Every structure is written in C-alpha cells, then in structure tokens.
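Have a look at the structure below, then the notes.
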Amino acid sequence: MTMTVEHTLLTRVPDALLIGGRWRPASDGATLAVRDPATGAVIKEIASASVEDGGAALDAACEAFPSWSETPARVRAEILRKAFDLLMERKEDFALLMSLEMGKTLAEARGEVAYGGEFLRWFSEEAVRAVGRYAPSPEGHGRMIVTQHPVGPCYLITPWNFPLAMATRKIAPALAAGCTVVIKPAELTPLTTLLFARLLEDAGLPPGVVNVITTSHSGAVSEPIIRDPRLRKLSFTGSTPVGVRLLEQAAGGVLRTSMELGGNAPFVVFEDADLDKAVEGAMAAKFRNIGQACTAANRFIVHESVAEEFARRVTHRVAELRVGRGTDEGVEIGPLIDDRAVSKAESLVADAVERGARLRTGGHGIDGPGTFFEPTVVTDVAAGSDILREEIFGPVLAIVPFSTEDEAVAIANDTEYGLVSYVYTESLSRGQRMIERLATGMMGLNMGVVSNAAAPFGGWKMSGLGREGGAEGIHEYLQTKYTLTPSPFA
Ligand code: NAP
C-alpha cells in the first residue's frame, strides 16, 4: 500500500460537519486531530462541533422529518439499495480508511464493509414491509387497525471499534422507517462516517435526513440534543457506564432508546467438543478486531479433561499471529486503539498472574511507535481475577477450567453482562440445554462469530436494550398506533 493511495483517499474524506445538506466548519472554528494508532501520526484534522452545531444538526433533522417520513417507502428503499451498491463499488476505500483510523487489518476491514453493507441491503428490503394489521374486535362491534409510524428525529452515537458497521446498523433502519438522524461517531474514528455520509449524498439522500457531527466534546454536545423535546429516539452503542448515563438523560423526555452496550462473553468448551472446531472458533471469537469487539470471547471456560490440550493448541496458534500495521500484507493483529487500552490489557494480565494464572505466551505491550500488545494466553485463571469481570478489549485469551455442566453454567452466567455466549459441544441435548440456561441475548453454538444483518443483535442484562438487525431492527424506529372504528355492519 503506497502512501500516495492513502494520501489521495484521505484528501477525499470531508473534514467538516454535515448539517442540513451543507458541509461546514465548526461554528467556533475548532478542529480535532485523527491519528493512525499504528504510528501515532496525525492523518487528518476535522471540524470539532460545538454545542451550537449540535443544536443546528438537530434543527436540520427536525426540518427534514416531515417530508422524509412522507416519502414513499419504496423511494427510501431504493436510496438505501443504491447506497449498498455504491459501498460495494467503493469497498477498498472504506476498508483502507478503517484500517488507517482504527488499526484493523485490511482483511478484517473488508469483512466489515461486507457486514456493514448488509444492513443497507437488508433494511432496503425491510422498508416496504413495515406493515400493520386489521382485525375485528372480539365482541364483533369494532374494527381494530394497527399502523406503524416513524418515531421522529433520532440521535445516533457510535463507538470507535466498528466505524462503518455501527453506523449502517443504525442509519439504515432509521431511514427505512422514515426517521431523520443526527449521527455522532467516536472522536477516535470519525472519518469513516464522514466518507459514508458523502456516499449517502451520492445515493440521492435529500439534505437534512442524515446530519453528522464530529466532536471532541461528546458529553457537552450530546446532552442538550438528548434533552431537547423534539428528539424522539436515542440509539447508542458503546460502554455500559456511558449508556447508563445517557439513559438517565433520555428519561427526562421519555425517549425511545436502543442501547448496545458492553459484553463479557463466555466461551464454553465441553469435554465432548470437537477441539479442532473449538480452537478455530476461539481464534475468531477472541482475535477478531484485535479483541476489541463487544462480542469478543472474554472468558474461555474449558472442561478440565480437555483444558490442557485446548490451551496447548490455542497457544501454538496465538504465538504465531503476526502483529503489525493493519495495512501491511500478512498482518493478522493490528494495534490497540490507544495507550490506555494497552495499559488496561497489561494490568489485567498482571492481576491474573499475581493471583496464580500461568502466562503461556505474550502478556506485554510492544514498544512504540503505535499502541501494540502481544497476543496473549493465560491459563488456570483464578476466580475473582479482574480479567474475568472486566471487558478485556484486547488480544488476551484467558482460560478457566471447570468440572461439571452446572459449574460451567454458573461461571458463564456470573456477570452483569449478557450479550453473547459461545458453546462448543457435539451433544445436541447439551447444546439445547445451553440455549435455555445461558443468560445472553445471542449464542454461537459451535460457531465463533454470530453477527448477521438478518438477525436480531442485542444483549440481556447490562449489555443493553433493543435489537439491531433482523425483522426486529426497523421496529426500534417505528411506533405503533391502534385505531378503533365501528364495524361496517353495525
Ligand atoms: P464509549 O466510551 O462508551 O463511547 C461510545 C460513544 O459514546 C463514542 O461515540 C463516544 O464519543 C460517546 N460518548 C462517550 N461519552 C459520552 C457522553 N458522556 N455523552 C455522549 N456520548 C458519549 O465506548 P467506546 O470505548 O467507544 O466503545 C467500546 C465499548 O462499546 C465497549 O464497551 C464495547 O463492548 C461496546 N460496544 C458494544 C457493541 C454492541 O453492539 N453491544 C458494539 C460495539 C461496541 P467519544 O469517544 O468521542 O467521547
């Protein structure tokens, strides 16, 4: 990959806020710098929105709402479909841009373009199916009509780890439902959303339907938007503590909310698992996105009779992973997002080792430039270790042995999170029992990756509220009206 290709791409990324169809600088002229985590170098300076800019973006979304919500569903669907086609044409641009601003490998970034694009295609298909129902009342005197309506202007907040997919997973169902939006990507990886907004313009999206604010003051800019009575929906993907704070703000206006929050996924390997498949699944569930996924397996709970063999095999694989800049050929593990992420991974491993865990490979940050961490395996992790409680968000695979099925279930469910679980067993009945016993919103049964635009993605407990994707996804942006009329025969 030459610097010229990177440079040309970066010059094509807008450096301004998109408000009401106009790209403009921040009202106070403020900017923020976006860095490549593999080198620490600034790759672009962009506008940093003020509180006033946030208000202007909401004004624009409110102004565009009446006409967009009345635009025929088929027209909205065609724009989303066109956006999908354009994204597929431009997939290399988006893959490279994500690799540059977030650090993931080009191969993974291409995977994210494919995954993120599917939300555009899926919701272009769902847009025309937001149907209601018509039914006689049970006593026969009335007719009940149930219709679906867009909730109104929405505020979408996305995290840095999947810069494209987290945006399309919210924008596509919102637009399909007839809602207008203000989207605020994370300060660390805002460029992909800006380039995607330009793509939406090329797909024919009218001004004001999608407004983009990038800012280094996310809290100060967001709160007035969330508390504005014109806003009707908040959709947030990010950490649980921030999600809780935003729910408190949203309560004042009784906003509809979708919360895709943190995870602490158990990956349970039973003694009857196919170990080849389990190791393959473990590598995907743990090291996808450099371990920085809400769905990343956090705790490997492995039956004591196969724990050593599983550890030996994964350690062999992990020790061979190639670490480097995501854009370089053959690299499998890019940098972590920043210094804090490296320190956190280091301290979680150190705590586990202090409490008796065995470090099998890795365990340390790698000297700069860039914020790299060695792919790591720790085994025999003791109950109570921080690594079992906190989201690792890094390439660290922690193994805990168990002896009975009840014990595995107890360990797996011993967390306030409930996003996803992974189970490896060749027993059908045991697999079915796990579906019923593990308290998570999603499960990979002999599968290490579950994400799919056609499926309802979301968590239980403190992992969130609502679902993104699937037939459920569009309903997060629709509200139901029930009308009673007399029977035409009365
Ligand atoms: P984060 O710190 O909670 O930030 C998420 C987003 O919220 C960013 O855009 C951030 O902007 C913004 N934000 C932070 N504080 C805010 C405030 N007070 N008011 C309004 N917005 C605020 O999370 P992150 O570190 O970016 O992402 C990692 C987390 O996301 C992990 O916990 C992961 O599990 C979770 N995640 C969940 C899912 C899911 O679907 N369940 C998917 C992906 C990630 P700034 O960064 O610019 O401040």
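Indicate the gyration tensor shape class of the chain (rounded, prolate or oblate), computed on the Cα atoms with a ≥ b ≥ c the square roots of the eigenvalues: a/c under 1.5 is rounded; otherwise a/b larger than b/c is prolate and the rest oblate. Don't jump to the answer; show the numbers that get you there.
Working: a/c = 2.01, a/b = 1.28, b/c = 1.57.
Oblate, because a/c is 1.5 or more while a/b does not exceed b/c.
Legend: ranking of residues TYR417, TYR424 from fewest to most surrounding C-beta atoms inside 10 Å; resulting order TYR417, TYR424.
Helix 428-437 and the long axis of the chain differ in direction by around 60°, with both axes built from C-alpha atoms. Helix 240-251 and the longest principal axis of the C-alpha atoms of the chain enclose an angle of approximately 20°. Rounded to 0.05, the FRET efficiency of the SER403 and GLU52 pair, given R0 = 56 Å and the Cβ-Cβ distance, is 0.40.
The mean sequence distance of close C-alpha pairs (under 8 Å, at least 6 residues apart), as a share of the length of the chain, puts its relative contact order at 18 percent. Taking each DSSP H run with n ≥ 4 as -39500 (n - 2.57) and averaging over every residue of the chain yields -12500 deg cm²/dmol at 222 nm.
Couplings 3J(HN,Hα) of the stretch 452-464, computed from phi: 7, 4, 8, 10, x, 8, x, x, 9, 6, 7, 8, x Hz, in residue order, whole Hz [Karplus 6.51 cos²θ - 1.76 cosθ + 1.60, θ = phi - 60°; x for Gly and Pro].
For a footprinting-style exposure proxy, rank MET442, MET144 by other Cβ within 10 Å, fewest first.
If I rank by nearby Cβ atoms, fewest first, I get MET144, MET442.
Stretched out straight at 0.36 nm per residue, the stretch from THR4 to THR147 would grow longer than its current Cα-Cα span by 46.2 nm.
Would you mind telling me the antiparallel percentage of the DSSP bridges in the stretch 265-452, rounded to 5? Working shown, then result.
Details: 5 of 25 bridges.
Roughly 20 percent of the DSSP beta bridges within the stretch 265-452 come out antiparallel.
With respect to the chain, whose longest principal axis is taken over its alpha-carbon atoms, helix 339-354 is tilted by about 40°.
Let me know the longest stretch in the chain that avoids all GluC sites (Glu not before Pro) found in a DSSP loop with at most 11 other C-beta atoms within 10 Å. Write down the numbers at each step before the final one.
Details: sites that count: GLU139, GLU320, GLU329, GLU416.
Free of exposed loop sites, the longest segment is 140-319.
The HN-Hα couplings worked out from phi for the stretch 13-29 by the Karplus form 6.51 cos²θ - 1.76 cosθ + 1.60 (θ = phi - 60°) are 7, x, 10, 10, 8, 9, 10, x, x, 10, 8, 9, x, 5, 4, 9, x Hz, whole numbers, x standing for Gly and Pro.
Toward the positive end of the charge dipole of the stretch 122-275, with +1 on the Cβ of Lys and Arg and -1 on the Cβ of Asp and Glu, the farthest Cα among THR147, PHE196, ALA172 is that of THR147. Residues whose amide H falls under 5 Å from that of MET443, counting only those 5 or more places apart or on a different chain, are SER421, with hydrogens built in the peptide plane.
Report the antiparallel proportion of the DSSP beta bridges in the chain as a percent, rounded to a multiple of 5. If you can, show how the numbers build up before the last one.
Details: 32 of 68 bridges.
About 45 percent, rounded to the nearest 5.
Given 20 °C and 1.002 mPa s, how large is the Stokes-Einstein diffusion coefficient of the stretch 265-452 in µm²/s, with Rh as the Kirkwood radius over Cα pairs? Before the final figure, lay out each step's value.
Numbers: Rh = 16.3 Å.
Stokes-Einstein gives a translational diffusion coefficient of 131 µm²/s.
The stretch 423-482 and the stretch 315-334 have Cα centres separated by 30 Å.
Between ARG340 and ARG22, the distance separating the two model label sites (each 7 Å from Cα on the Cα→Cβ line) works out to 3.5 nm. The stretch 425-465 gives an Rg/Rh value of 0.99, both radii derived from C-alpha positions and Rh following Kirkwood. The charge dipole of the chain, taken about its Cα centre with unit charges on the Cβ atoms of Lys, Arg (+1), Asp and Glu (-1) only, comes to about 1420 debye.
Here, each number is a calculation from the coordinates, and none is a lab measurement. In this text the structure is predicted, and so the values were computed from the model without any measurement. Don't worry about glycine lacking a Cβ; one is built from the backbone with ideal geometry, like all the others, and counts go over all protein chains shown.
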